[in-house]
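J.: Pasting in a structure now, in structure tokens, and then I'll have a few things to ask.
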Amino acid sequence: MLRDRLLQMLPEDDAAAESVEGLALTVTDLAPGDLGSWLADRAGQELGLDVAGRALQGGGDAWAVAIADESGTSVALDLATIDDADLEALGAWLADPAAPIAVHDAKTASHALHGRGLTLAGVAVDTLLAAYLCHPDQRTYDLGDLTVRYLQRELPTGVDAESDGMLDLGLDGDHSGARTAAARAVAVRELAEPLRTDLASRGATALMAQVELPVLATLVGMERAGIAADVAYVEGLAGEFDAAVERAALGAYEAIGHEVNLGSPKQLQEVLFVELDMPKTRRTKTGWTTDADALADLFARTEHPFLGNLLAHREAIRLRQTVEGLLKSVAPDGRIHTTFQQTVAATGRLSSTDPNLQNIPIRTAEGYRIREGFVVGEGYEGLLTADYSQIEMRIMAHLSRDEGLIDAFRSGEDLHRYVGSRVFHVEPAEVTSAMRAKIKAMSYGLAYGLSAFGLSKQLGISAGEAKGLMDDYFDRFGGVRDYLTGVVDEARGEGWTSTILGRRRYLPDLTSDNRQRREMAERMALNAPIQGSAADVVKVAMIGVTGELERRGLASRLLLQVHDELVLEVAPGEREEVTDLVRTQMGAAAALEVPLDVSVGFGRSWRDAGH
DNA sequence: AAATGCACGTA
DNA sequence: CGTACGTGCATTTT
């Protein structure tokens, strides 16, 4: 019946209507209750859903959703104008965890729906995520590309919906926007099957269903919650950093007797290597580097005041930039809502954008002050941070099954001290801080494919000493070396690496004739299982933490993930229970050969809660 | 206007 | 000659 009405509505000579294997109707054309009966008719069959619009920024109503069924019939809805009965029907369907549904981008859809009080509960397939898990070497997962690749046809376009992220639904006499939306929903539904087949063929079905889709739901909650900012404090910082920028710039100009754009590597090279005739630094593609390491080195040699001011300027301008970016990101609710990208990092890590909250300074005292600007929100008791200590080293111990490294973690002794005592043949108590620093650098470097040359550079020791250090290390921890070489060999044979949960990374360059590309791929192959497995563990922990918070009916919530750290906002009276729950869930996220150690901090700001 | 390179913050 | 990211500025290319 609905289909007949749709047919009547669309102009017969419209080419777009024929190329789309579905027909669209805007909700303003629906009689009340039509949507409900349409959905009821299709209960039990898989539907495809696509959402276009701006979910969080720029108003929650400026978006649309389209749903398609097996026959290619579809409904495009402008939720700004949908009537209450239909909204209710849609909500009931979306909130049914058993409803089989394929969504193009479930996170965006979820945000958009939340804006109208609807919850996307059951998602069978997220085509974006499935495509990511099928093709982690392919960096774009555009619905149009997927349609060409899997369905061997073009995704119909024709309206300007993509560019501004909005669909022009409900306009009198023009249903092109609705048709585009419908076409996308139809494609989504058709894509579900081939994507599921691909997922299964690489053994990623469980990873998708039990990790990626559940974690997607937690990301929606985290992004919506955001983290509170102390705007007045951060503005104060901005002023301070601003003054520091000015001061350093004036100092630099004075040191050379004229002004120069301190942000221009090209102009800096002119000053440093021509005007001041300083010794040449490392080469870059376009000249000589002016990075911080090189400048510090030049400063040590020449003690020229320009360099000190330049370094101070670099730091200050960076801090000002970070702080101003944060201020610009504060939403009307006084909080910063980042976006977590789930289909970007090749290893399976998350990334954070707009703003990136995974690279807030911590190492320098000045930068660390920025973390004081992230504070507990109104109605909550404090922020709690929980991080895994040395998770990548523990993963390496687990994967390599190296007895020495496993003993190190089981002993409870300080890791680098323990390893140092074995490498240097001394008692743990006799490991000096210099020895410990070398061991620490080497241990972390191993997971990145560090060479003896690289180690010598980083530690400022001779190549020979670095080589000896690595030999001594592998004498004691031979299992680690065997694992690292083995994992590369296996990847070369299979074509991919794999994490503890079966996430693959394909590395075709492992057999490249080009030595540089091949060796790069080898380091990636060595690192991907370690970094990726750690990412798996943290994702499982996030699901465990949010799940347990919900089961217990707690009001505390997860706000951020920074690779091996979780940040939560704790509701009044829940601190003890949440601390306990977080420790338990994070500790139980994976059963490794070694224990997972979690350290927890609490305070009013991210800085106070940090370690 | 878009792409590239450099520099630098985090894990 | 150490992995994984995102961002902003300057510079080059289109």
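J.: Enumerate the strands (runs of 3 or more DSSP E) found wholly within the range A:49-114, keeping only those where 1 or more residues are in contact with a helix residue (DSSP H, G or I) (Cβ under 6 Å, 6 or more places away or on another chain) and modelled with pLDDT under 70.
T.: Details: elements: A:63-68, A:74-78, A:101-103.
Result: A:63-68.
J.: What's the number of the condition A:Asn261 fails, among (1) within 15 Å of DNA strand B (Cβ to nearest atom); (2) part of a helix (DSSP H, G or I); (3) open to solvent by 50 Å² or more (accessible area, probe 1.4 Å)?
T.: Failing condition for A:Asn261: (2).
J.: Condition first: within 16 Å of DNA strand C (Cβ to nearest atom), without any contact (Cβ under 8 Å) to a residue 12 or more places away in the chain and open to solvent by 10 Å² or more (accessible area, probe 1.4 Å). Can you find one or more residues in the range A:384-394 that meet it?
T.: No, that holds for no residue.
J.: A:Arg179: outside the structural domain of A:Arg504 (by TED's automatic domain parsing), open to solvent by 10 Å² or more (accessible area, probe 1.4 Å), modelled with pLDDT under 90 and assigned to a loop (DSSP other than H, G, I, E, B), yes or no?
T.: Working: outside the structural domain of A:Arg504 (by TED's automatic domain parsing): yes; open to solvent by 10 Å² or more (accessible area, probe 1.4 Å): yes; modelled with pLDDT under 90: yes; assigned to a loop (DSSP other than H, G, I, E, B): no.
Spelling it out, it is not the case that A:Arg179 is outside the structural domain of A:Arg504 (by TED's automatic domain parsing), open to solvent by 10 Å² or more (accessible area, probe 1.4 Å), modelled with pLDDT under 90 and assigned to a loop (DSSP other than H, G, I, E, B).
J.: Now for a separate question. Please determine whether any residue of the range A:344-361 is modelled with pLDDT of 90 or more and more than 10 Å from DNA strand C (Cβ to nearest atom).
T.: Scanning the range A:344-361 turns up at least one residue that is modelled with pLDDT of 90 or more and more than 10 Å from DNA strand C (Cβ to nearest atom).
J.: Is there a residue in the range A:347-359 that is away from DNA strand B (no atom under 14 Å from the Cβ) and either touching a strand residue (DSSP E or B) at 6+ places or on another chain (Cβ under 6 Å) or charged (D, E, K, R) (or both)? Before you say what the answer is, go through the steps one by one.
T.: The first filter runs over the range A:347-359 and keeps only residues away from DNA strand B (no atom under 14 Å from the Cβ), leaving none.
For the range A:347-359, residues away from DNA strand B (no atom under 14 Å from the Cβ) and either touching a strand residue (DSSP E or B) at 6+ places or on another chain (Cβ under 6 Å) or charged (D, E, K, R) (or both): absent.
J.: When the residues of the range A:227-258 are narrowed to those that are more than 35 Å from the chain's Cα centre (by Cα) and exposed (fewer than 14 other Cβ atoms within 10 Å of the Cβ), which ends up farthest from DNA strand B (Cβ to nearest atom)?
T.: By that ranking, first place goes to A:Gly257.
J.: Separate question: Taking the stated definitions as given, is A:Arg369 within 12 Å of DNA strand B (Cβ to nearest atom) and out of contact with any Leu (no Cβ under 9 Å at 6 or more places or on another chain)?
T.: no
J.: Further, regarding this structure: Taking A:Leu554 as the residue in question, decide whether it is in a loop (DSSP other than H, G, I, E, B), aliphatic (A, V, I, L, M) and either in contact (Cβ under 8 Å) with a residue 40 or more places away in the chain or farther than 30 Å from A:Ala491 by Cα (or both). Even if it seems obvious, please write down each step before you answer.
T.: Numbers: in a loop (DSSP other than H, G, I, E, B): yes; aliphatic (A, V, I, L, M): yes; either in contact (Cβ under 8 Å) with a residue 40 or more places away in the chain or farther than 30 Å from A:Ala491 by Cα (or both): yes.
For A:Leu554, the condition - in a loop (DSSP other than H, G, I, E, B), aliphatic (A, V, I, L, M) and either in contact (Cβ under 8 Å) with a residue 40 or more places away in the chain or farther than 30 Å from A:Ala491 by Cα (or both) - is met.
J.: Sticking with this one: Which ones in the range A:429-478 are polar (S, T, N, Q), open to solvent by less than 70 Å² (accessible area, probe 1.4 Å) and within 13 Å of DNA strand C (Cβ to nearest atom)? Even if it seems obvious, please write down each step before you answer.
T.: Filtering the range A:429-478 down to residues polar (S, T, N, Q) leaves A:432-433, A:443, A:451, A:456, A:458, A:462.
Among the residues that remain, those that are also open to solvent by less than 70 Å² (accessible area, probe 1.4 Å) are: A:432, A:443, A:451, A:456, A:462.
If the condition is that a residue be polar (S, T, N, Q), open to solvent by less than 70 Å² (accessible area, probe 1.4 Å) and within 13 Å of DNA strand C (Cβ to nearest atom), then A:Ser443, A:Ser451, A:Ser456 are the ones that fit.
J.: Looking for whichever is more than 16 Å from DNA strand B (Cβ to nearest atom), of a type in the set (S, T, N, Q) and open to solvent by less than 30 Å² (accessible area, probe 1.4 Å) here; the options are A:Ser533, A:Ser498, A:Ser512. Which one fits?
T.: A:Ser512
The values are calculated or read from the model by the stated rules, or taken from the named source; none is laboratory data. Since the structure is predicted, the reported quantities are computational estimates derived from the model, not experimental observations. Note that we place each Cβ from the backbone using ideal geometry, even for glycine, and neighbour counts take in every protein chain shown. Surface areas here come from the heavy atoms of the whole protein model, side chains and all, with no ligands, DNA or RNA. Shrake-Rupley method; radii C 1.70, N 1.55, O 1.52, S 1.80 Å.
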